[in-house]
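Here's the structure, in structure tokens; my notes come after.
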Amino acid sequence: MQTLSTPPNAAPASVGIDPTIVRRKTRAVPVGDVFIGGGHPVAVQSMINEDTLDIEGAVAGIRRLHEIGCEIMRVTVPSMAHAKAMEEIRDRLIKTYQNVPLVADVHHNGMKIALEAAKYVDNVRINPGLYVFEKPKSDRTEYTSAEFNEIGEKIRETLKPLVISLRDQNKSIRIGVNHGSLAERMLFTYGDTPEGMVESALEFIRICESLDFYNIEISLKASRVPVMIAANRLMVKRMDELGMDYPLHLGVTEAGDGEYGRIKSTAGIGTLLAQGIGDTIRVSLTEAPEKEIPVCYSILQALGLRRTMVEYVACPSCGRTLFNLEEVLHKVRSATDHLTGLNIAVMGCIVNGPGEMADADYGYVGKQPGYIALYRGREEIKRVPEVDGVEELINLIKADGRWIDPQ
């Protein structure tokens, strides 16, 4: 993985420049046996929707997600009882499955809850806007410097035991800022803006650093994609100015469901990853969490950041197409989608053949009516009857020693 720094406002690449994404250089932050940042692969996260007090249900939910590729599991911990339940969840996982990286999600004055959960999880996520309650005043017109600093000191004293606990256990924290839940004094000082989100995160970062704690992961999420992108870009700019190198967790919060939820998440997460920004991601869908993982891997695969499945290249079909392209692509995908790391092209005619599929490992090309030309890279290997095309493609992959039988 590339780890050289690149500014978020870098000039567009020109002809002849390597198009490979160059990731922003960050420190490596541990979450159990997974590392975020430091050149490690972009990690995939999700969150179970079972009640944490349902031990069996929570363990089963974590296991289901982990088995399909989710690398870090977040679990909601809204009360002290939930925090204590994390001990049994951890023990059950170790005894019946394996040790899975766990994150406790703590909200709303969760100081004592977070401290308890920190005993049993690998990472604690806190929301600066909710961690210390600031009672709103309907007639307030400003925050004085004295009031601002007084609350800041209260936050420091409240956060200190948690930071020390995580530091001494070599665990980590996620400072998770949400656009919709900024603290009142941040709203008064900076407005409902990306600046307010960034300053909220920086306040907590400085507290951690003052206590010699640097296992910090940051997220700045919003339900509006432009706000999410702007906040993360500004966070990188401010960290560069301050000499900070903390990894970023990317996500569009409350993205919704279905096609649009996936498009929103891809637009936000993919835009930043393409600029080298981002070290771990979560796609937040109003669906079963298992539906989030394929979207994460599809984003990473499309950008060349992870290779976890076959990359299919297919032309859109036109009047030159010599077979039912949609049907054939479905057959090829069904036969090969269990493989990992291959590029397979399915092209309807010779016009869109070798040139358009230059990066493919294997090609399936309509070259004359009733016959398929099979390619290895740019080289045509043989022509076969269309009815035998998929079988012969599999045979070619097998002959190259790149085939594995599906489970």
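Within the range 148-207, the set of residues being among the small types (Gly, Ala, Ser), surrounded by fewer than 17 Cβ atoms within 10 Å (Cβ to Cβ) and outside any helix (DSSP H, G or I) comprises just one member, GLY191.
State which residue is modelled with the lowest pLDDT when the search covers only the range 304-338 and only residues that are among the aliphatic types (A, V, I, L, M), out of contact with any Asp or Glu (no Cβ under 8 Å at 6 or more places or on another chain) and crowded, with 17+ Cβ neighbours inside 10 Å. That would be LEU322.
Among the residues of the range 255-274, the ones that are of a type outside the set (S, T, N, Q) and touching a helix residue (DSSP H, G or I) at 6+ places or on another chain (Cβ under 8 Å) come to 10 in all. Please work out if MET228 is at pLDDT 95 or above, assigned by TED's automatic domain parsing to the domain that holds LEU285 and more than 24 Å from PRO30 (Cα to Cα). So MET228 fits the description; yes. Of the residues making up the range 82-93, just one is surrounded by fewer than 18 Cβ atoms within 10 Å (Cβ to Cβ) and either touching an Asp or Glu at 6+ places or on another chain (Cβ under 6 Å) or free of Cβ contacts under 8 Å to residues at least 12 places away in the same chain (or both), namely ASP91.
Yes/no per residue for (1) free of Cβ contacts under 8 Å to residues at least 12 places away in the same chain; (2) of a type outside the set (S, T, N, Q); (3) out of contact with any helix residue (DSSP H, G or I) (no Cβ under 7 Å at 6 or more places or on another chain):
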site: ALA118; (1), (2), (3): no, yes, no
site: ILE126; (1), (2), (3): no, yes, no
site: LEU130; (1), (2), (3): no, yes, no
site: THR144; (1), (2), (3): yes, no, yes
site: THR158; (1), (2), (3): no, no, no
site: ILE164; (1), (2), (3): no, yes, yes
site: ARG167; (1), (2), (3): no, yes, yes
site: ASN170; (1), (2), (3): no, no, yes
site: HIS179; (1), (2), (3): no, yes, no
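Suppose the filter is part of a helix (DSSP H, G or I), at pLDDT 95 or above, assigned by TED's automatic domain parsing to the domain that holds SER219 and not charged (D, E, K, R); does GLY57 pass it? Here the answer is yes, as GLY57 does meet what is asked.
Report yes if some residue within the range 96-109 is outside any helix (DSSP H, G or I), closer than 23 Å to ILE218 by Cβ, touching a Leu at 6+ places or on another chain (Cβ under 8 Å) and among the small types (Gly, Ala, Ser); otherwise report no. Looking for residues that are outside any helix (DSSP H, G or I), closer than 23 Å to ILE218 by Cβ, touching a Leu at 6+ places or on another chain (Cβ under 8 Å) and among the small types (Gly, Ala, Ser), one finds none in the range 96-109, hence no. In the range 106-132, the qualifying residues are those that are at pLDDT 95 or above and not aliphatic (A, V, I, L, M), and the one that is farthest from GLU67 (Cα to Cα) is GLU116. Considering the range 62-81, and only residues there that are part of a loop (DSSP other than H, G, I, E, B) and under 14 Å from the mean Cα position of the chain (by Cα), the residue that is surrounded by the most Cβ atoms within 10 Å (Cβ to Cβ) turns out to be CYS70. Selection within the range 172-202: residues that are at pLDDT below 90 and of a type in the set (S, T, N, Q). The member of this set that is nearest to ALA255 (Cα to Cα) is SER181. Taken over the range 222-255, the criterion of being assigned to a strand (DSSP E or B) and within 17 Å of ALA43 (Cα to Cα) is satisfied by LEU248, HIS249, LEU250, VAL252.
The values are calculated or read from the model by the stated rules, or taken from the named source; none is laboratory data. Since the model is a prediction, treat every value here as computed from it, not as a measurement. As a convention, Cβ positions derive from the backbone with ideal geometry for all residues, glycine included, and neighbour counts pool all protein chains shown.
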